[in-house]
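Worksheet for the structure shown next.
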Amino acid sequence: MIAVEGGNGALGVWEWITRVTEWGVANWSYPDEPNRGIWPRLLEHMRLAYLSILIGLAVALPLGLACARWGRLYPPVLTGVNVLYAVPSIALFFLMLPYTGFSDWTAIVPLSLYTLVILLPNVVDGLRQVPDHVRQAAVAMGFSPLRRLLTVEMPVAVPVVIAGLRVASVATISMVSVASLVGLGGLGQLILSDGFRRQFDAPIVVGIVLVVLLAFVTDALLVVAQYLLTPWNRGNGGSGRARRSGRARSRQRAVVATGTPVGAQTTAVQGPNQATAGE
């Protein structure tokens with residue numbers, strides 16, 4: 001086991017960091033053995049994590065849309081996914097073994113379910129936050145339900161959905177390491193097999209650092225994606241007045257997306273009685 005040595009505390013820590021770094025560089029990859037080294041474990045970790053996140057998102061979007069449209073469906077669905085979240089991940093991994101063997105699906109299926117649990121409430125909340133007058137303006141413009149969903153409702157719900165996706169991504173990247181108990185887990189194999197079982201600190205430290213960096217980079221990419229997908233929210237974090245008016249501007253942009261002028265959105269949804277009274 002690598003230990004911090006040396007009479008000088010700072011010097012001992014520096015020597016320990018140097019040894020861990022040297023081990024990481026020396027074991028990064030082996031050209032003659034493609035499946036051995038840190039780099040293949042990192043690729044496996046990314047594959048398991050990102051596939052689980054994408055599958056969870058692909059299921060959460062239509063299921064969340066159905067729950068937002070039919071409110072009575074949401075409580076039983078939410079209860080069901082919460083019960084799944086209460087099941088320990090290790091138990092789910094071992095329960096999957098008889099059906100999927102030692103394949104990626106042994107880890108992807110449970111991780112996708114956990115991602116779904118986190119994403120579903122955010123999808124429903126995001127769709128429910130779309131203002132009614134925005135939907136009515138889209139209907140008045142003759143938008144079909146699918147076009148209204150894609151061009152009006154989803155853009156307004158994007159910040160809430162991505163907020164949940166950020167939490168789900170970080171949690172999934174972390175939980176992938178647990179799959180090393182069934183022979184998968186990417187960087188978790190460095191931590192468990194090469195580290196704890198051999199009582200060797202360097203693989204543990206390298207594995208933890210890479211998991212944290214991967215989660216940080218993924219979270220940063222999602223922040224950039226939200227910035228690009230919601231241009232109407234840019235510059236709202238400066239003054240208090242800008243923050244207070246951020247929601248109003250977001251609603252205006254959503255109405256503009258329907259093709260209705262912002263100043264005419266109220267008139268577009270007025271009933272005949274209201275129009276007569278105005279005259």
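The values are calculated or read from the model by the stated rules, or taken from the named source; none is laboratory data. All values derive from a computational prediction rather than experimental measurement. Here the Cβ positions follow ideal geometry from the backbone for every residue, glycine too, while neighbour counts run over all protein chains shown. When the accessible area is computed, the model is the full protein with side chains, heavy atoms only, and any ligands, DNA or RNA have been set aside. Shrake-Rupley method; radii C 1.70, N 1.55, O 1.52, S 1.80 Å.
Any residue at all in region 103-110 that's in a helix (DSSP H, G or I), surrounded by 17 or more Cβ atoms within 10 Å (Cβ to Cβ) and among the polar types (S, T, N, Q)? Give the steps one after another, and end with the answer.
Initially, region 103-110 is screened for residues in a helix (DSSP H, G or I), giving 105-110.
Then keep just the ones that are surrounded by 17 or more Cβ atoms within 10 Å (Cβ to Cβ); that gives 106-110.
Adding the requirement that they be among the polar types (S, T, N, Q) leaves 106.
Yes, because at least one residue in region 103-110 is in a helix (DSSP H, G or I), surrounded by 17 or more Cβ atoms within 10 Å (Cβ to Cβ) and among the polar types (S, T, N, Q).
Quick check on residue 80: is it within 16 Å of residue 48 (Cα to Cα), without any contact (Cβ under 8 Å) to a residue 12 or more places away in the chain and surrounded by fewer than 16 Cβ atoms within 10 Å (Cβ to Cβ)? Don't jump to the end; show me each part of the working.
On the way: within 16 Å of residue 48 (Cα to Cα): no; without any contact (Cβ under 8 Å) to a residue 12 or more places away in the chain: yes; surrounded by fewer than 16 Cβ atoms within 10 Å (Cβ to Cβ): yes.
No.
Tally time: how many residues in region 203-235 are among the small types (Gly, Ala, Ser) and either open to solvent by 60 Å² or more (accessible area, probe 1.4 Å) or closer than 15 Å to residue 172 by Cβ (or both)? Working first, answer last.
Taking region 203-235 first, the residues among the small types (Gly, Ala, Ser) are 207, 215, 220, 225, 235.
This time we only want the ones that are either open to solvent by 60 Å² or more (accessible area, probe 1.4 Å) or closer than 15 Å to residue 172 by Cβ (or both), so: 215, 235.
Qualifying residue count, region 203-235: 2.
Which helices (runs of 4 or more DSSP H) does region 116-202 wholly contain that include 1 or more residues that are buried (at least 23 other Cβ atoms within 10 Å of the Cβ) and in contact with a Leu (Cβ under 8 Å, 6 or more places away or on another chain)?
Values: elements: 132-140, 145-148, 154-175.
Of the helices (runs of 4 or more DSSP H) lying wholly inside region 116-202, those with at least 1 residues that are buried (at least 23 other Cβ atoms within 10 Å of the Cβ) and in contact with a Leu (Cβ under 8 Å, 6 or more places away or on another chain) span 154-175.
Just wondering, is there one or more residues in region 89-99 that are open to solvent by less than 10 Å² (accessible area, probe 1.4 Å) and modelled with pLDDT under 90?
Step one: filter region 89-99 for residues open to solvent by less than 10 Å² (accessible area, probe 1.4 Å), giving 93.
Still in the running and modelled with pLDDT under 90: 93.
Yes, region 89-99 contains at least one residue that is open to solvent by less than 10 Å² (accessible area, probe 1.4 Å) and modelled with pLDDT under 90.
Where the second residue is open to solvent by less than 40 Å² (accessible area, probe 1.4 Å) and of a type in the set (Phe, Trp, Tyr) and the first is within 16 Å of residue 51 (Cβ to Cβ) and touching a residue at least 12 places away in the same chain (Cβ under 8 Å) and lies in region 94-120, which pairs have Cβ atoms under 8 Å and are six or more apart or on separate chains?
What qualifies is 106/93; 107/93; 110/93.
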